[in-house]
Amino acid sequence: DIQMTQSPSSLSASVGDRVTITCRASQSMSTYLNWYQQKPGKAPKLLIYVASSLQSGVPSRFSGSGSGTDFTLTISSLQPEDFATYYCQQSYSSPRTFGQGTKVEIK
Amino acid sequence: QVQLQQSGPGLVKPSQTLSLTCAISGDTVSTNTTTWNWIRQSPSRGLEWLGRTYYRSKWYNDYAVSVKSRVTINPDTSKNHFSLQLNSVTPEDTAMYYCAREYYDGPGRLDYWGQGTLVTVSS
């Protein structure tokens with residue numbers, strides 16, 4: 001199984017800050033990497049697929065990059081509605097696996 | 001617009017079978033550009049993929065090793081839904097359960113999710 005490791009596990013940031021979350025895979029997987037946002041009591045929501053493609057309807061302040069084993073999710077200017085938990089997920093092989101999550105909190 | 005509507009009991013007794021259904025609207029369970037997945041989430045395990053069913057000229061299933069001996073995911077083309085059965089449950093199976101569509105136009109992504117069902121395993 002491919003292990004996904006996110007860092008940091010949590011972070012505190014202010015509205016307007018630039019935020020970067022990292023995801024590392026235990027083996028190379030090209031760009032088969034997706035990012036999700038989850039708010040309390042809700043299902044995860046797809047933000048980014050194939051490492052850098054923005055899902056329809058997702059604000060352009062979200063972006064993704066990376067390939068191989070190292071990937072990054074960036075929020076260019078944090079908005080109040082962005083305080084949530086973010087997960088990476090690999091679609092390179094079965095079983096699908098997720099990172100442990102990064103909780104973005106208000107500073 | 002694709003929608004996934006989950007149904008099933010929120011309380012299951014230990015050693016019994018957990019059964020959930022995910023009704024699909026806006027898509028068809030037998031399309032060859034999708035897979036239909038069950039995922040659960042708990043504080044101890046995080047997001048855990050359980051398995052999927054999909055059609056590529058015939059039906060296939062794919063399960064996580066951790067539940068493979070206890071899990072069945074079945075499509076129902078007449079009702080356009082798919083189901084999860086997890087046998088011999090224990091309190092460790094207590095979690096929020098989600099169904100989700102994985103869409104392929106290249107690599108897959110989980111683009112639509114059900115609303116979630118909190119399942120508690122307790123006597």
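Bear in mind that the values in this text are calculations on the coordinates, not laboratory data. Note that the structure is predicted; figures quoted are calculated from it, not measured. Backbone-built Cβ (ideal geometry, glycine too); neighbour counts: all protein chains shown.
Key figures
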{"read-out": "Single unsatisfied condition, A:L78 versus (1) under 23 Å from B:G46 (Cα atoms); (2) of a type in the set (A, V, I, L, M); (3) surrounded by 14 or more Cβ atoms within 10 Å (Cβ to Cβ)", "value": "(1)"}
{"read-out": "Selection within the stretch A:16-29 - surrounded by 13 or more Cβ atoms within 10 Å (Cβ to Cβ) and in a loop (DSSP other than H, G, I, E, B)", "value": "A:D17, A:S26, A:M29"}
{"read-out": "Selection from the stretch B:18-67 of residues that are away from chain A (no Cβ under 13 Å) and at positive phi", "value": "B:G26, B:S57"}
{"read-out": "A:T74 being among the polar types (S, T, N, Q) and within 11 Å of the chain's Cα centre (by Cα)", "value": "yes"}
{"read-out": "Count of the stretch A:85-107 residues which are within 14 Å of another protein chain (Cβ to nearest Cβ), in contact (Cβ under 8 Å) with a residue 24 or more places away in the chain and assigned to a loop (DSSP other than H, G, I, E, B)", "value": "7"}
{"read-out": "Selection from the stretch B:95-123 of residues that are under 25 Å from A:W35 (Cα atoms) and either touching a Cys at 6+ places or on another chain (Cβ under 6 Å) or assigned to a loop (DSSP other than H, G, I, E, B) (or both)", "value": "B:C99, B:D105, B:G106, B:P107, B:G114, B:Q115, B:G116"}
